[in-house]
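Beneath this line is the structure, given in structure tokens, with notes to follow.
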């Protein structure tokens, strides 16, 4: 025990001595009463008196350096919207620039909704010689697919409609001879670029142009979604740009009203043709709240009826992301209201905007039932194209309920299929029924349809049947005819349809060659759309083949198409 006690006493003595030394140091750091500034003690324990400073070789301590500014390396990693530089020595980091350019990140389509259809099946001419469909002048699917590709993503298959891809572009169809028939009809045949055993038969329509001084007066209602979902730059700000451009195209006889909807609906501009008032009203709009789309649509129809122009254009242009989530939002009720107003002379055009919650299925459907057209606006340039360059086509109808029916002759064609138009298919009996609604054509509009056909005797997609019936006598007696093309339409204010007929001669098969010029470009666009939809009948036709077929055109939009094909090719369908 004695050694333990001695050790304990030593430890206590050392601890007391240490505490005493710390106390003396603390006391020494405090200035003595009456001490001058020179006699104060710094943390080093050295005095800062004049004698010390005068010592030979004395150099005052340098101030502490400022915090170093972090240099961000150019190989910084973008993650979750943050930029985190990877570790690097200060000397190495100083060699890299400070600025990091923005990174384009592909966006998940999220809650976007599409109503896609399966690729049209092959038809046997012997059993189903007749194909009937409504025309489609919408172009929204192309602009929407372009948006996906520009973001580094392949568009969903359900978002691609081949006919809208083809009809996005203009072709060299002749003008109609007179306004008695509002459009011309062109037919031609070429060898299929992706299958040497098949042929492509193209049907092209072109409506007559309408000079500005010959336009009827327009009663337009801009129905604008200003709900919270429209806040992003590709939505409400782009809507303002688009509709401001349209305001500059109006004439003295035209009138524009503006209705907005969010949690509730209201009118923000009474009917006017004053461009400054229209643009000022648009500029004041801000996004916020929920989406009472049905209430806004009802108010817009009320205003359109109150300002109805007999013999003029009475149309609502709805600009939205299609996210109807408050109010009477079931599609059936909306369509019934839209069809009722359509039958009383008020049509509906839909302009789609934005990403993430975009409801394209709703936008296309209500435009179709409203006898209007659907466009997707992904840029100010597209807004100018739809509402500026093509305003007459967008707003002024020259023919309504336009239907096409093609009857193929089994003596010349054994099998066929229509590229696109799956959601425009009609029953054979619908063609002559004037009660059945169909698509409208605006001034200067063009419509293109492409069939892929198998000449009789050539190898087709479906093998010959063992018990197939022989050719009917009527087909054999008209062996010089390839197909009989019929077209029905009504004038804008008419209720009875008119009929145009055209026979495609069978000799077109014998003289057909690979498509060139406009036809080659239309075939390339069709192949592009069908490839993105997963059409297995295109065999090994690649994006590179599409680009080769589409080359040689200087038009801006066609050059852009080639760039989009290159983007798709780089992703290889991924």
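For residue 254, the criteria (1) in contact with a helix residue (DSSP H, G or I) (Cβ under 8 Å, 6 or more places away or on another chain); (2) crowded, with 17+ Cβ neighbours inside 10 Å; (3) modelled with pLDDT of 90 or more hold in every case but one, which is (1). Please work out which one of (1) in a loop (DSSP other than H, G, I, E, B); (2) touching a residue at least 24 places away in the same chain (Cβ under 8 Å) is the condition residue 220 fails and give its number. With (1) in a loop (DSSP other than H, G, I, E, B); (2) touching a residue at least 24 places away in the same chain (Cβ under 8 Å) applied to residue 220, the lone miss is (1).
Quick one: is residue 192 at pLDDT 90 or above, crowded, with 20+ Cβ neighbours inside 10 Å and either more than 27 Å from residue 117 (Cβ to Cβ) or in the same structural domain as residue 512 (by TED's automatic domain parsing) (or both)? Yes: the conditions hold for residue 192. For the stretch 498-574, the helices (runs of 4 or more DSSP H) that sit wholly inside it and include 1 or more residues that are under 18 Å from residue 165 (Cα atoms), within 28 Å of the chain's Cα centre (by Cα) and at pLDDT 95 or above are 517-532, 543-550, 556-571.
Note on the stretch 269-292: among residues that are in contact with a helix residue (DSSP H, G or I) (Cβ under 8 Å, 6 or more places away or on another chain) and more than 14 Å from residue 247 (Cβ to Cβ), the one that is modelled with the highest pLDDT is 286. In the stretch 463-496, what count of residues is obtained for those that are over 30 Å from residue 309 (Cα atoms), out of contact with any helix residue (DSSP H, G or I) (no Cβ under 8 Å at 6 or more places or on another chain) and surrounded by fewer than 17 Cβ atoms within 10 Å (Cβ to Cβ)? Residues that pass the stated criteria total 16. Scanning the stretch 133-174 for residues that are part of a strand (DSSP E or B) and surrounded by fewer than 23 Cβ atoms within 10 Å (Cβ to Cβ) returns a single hit, 134. Taking residue 242 as the residue in question, decide whether it is part of a loop (DSSP other than H, G, I, E, B), touching a residue at least 40 places away in the same chain (Cβ under 8 Å), surrounded by 18 or more Cβ atoms within 10 Å (Cβ to Cβ) and assigned by TED's automatic domain parsing to the domain that holds residue 315. The answer is no for residue 242.
Here is a yes/no grid of residues against (1) modelled with pLDDT of 95 or more; (2) under 27 Å from residue 454 (Cα atoms); (3) touching a helix residue (DSSP H, G or I) at 6+ places or on another chain (Cβ under 6 Å):
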| residue | (1), (2), (3) |
| --- | --- |
| 105 | no, no, no |
| 128 | yes, yes, no |
| 134 | yes, yes, yes |
| 137 | no, no, no |
| 165 | yes, yes, yes |
| 169 | yes, yes, no |
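Table: residues versus (1) surrounded by fewer than 18 Cβ atoms within 10 Å (Cβ to Cβ); (2) in contact (Cβ under 8 Å) with a residue 12 or more places away in the chain; (3) assigned by TED's automatic domain parsing to the domain that holds residue 193; (4) farther than 17 Å from residue 186 by Cα.
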| position | (1), (2), (3), (4) |
| --- | --- |
| 510 | yes, no, yes, yes |
| 522 | no, yes, no, no |
| 529 | no, yes, no, yes |
| 534 | yes, yes, no, yes |
| 538 | no, yes, no, yes |
| 543 | no, yes, no, yes |
| 547 | no, yes, no, yes |
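The values are calculated or read from the model by the stated rules, or taken from the named source; none is laboratory data. As the structure is a computational prediction, the values presented were derived from the model and not from experiment. For neighbour counting, all protein chains shown are included, and Cβ atoms are generated from backbone atoms with ideal geometry for every residue, glycine included.
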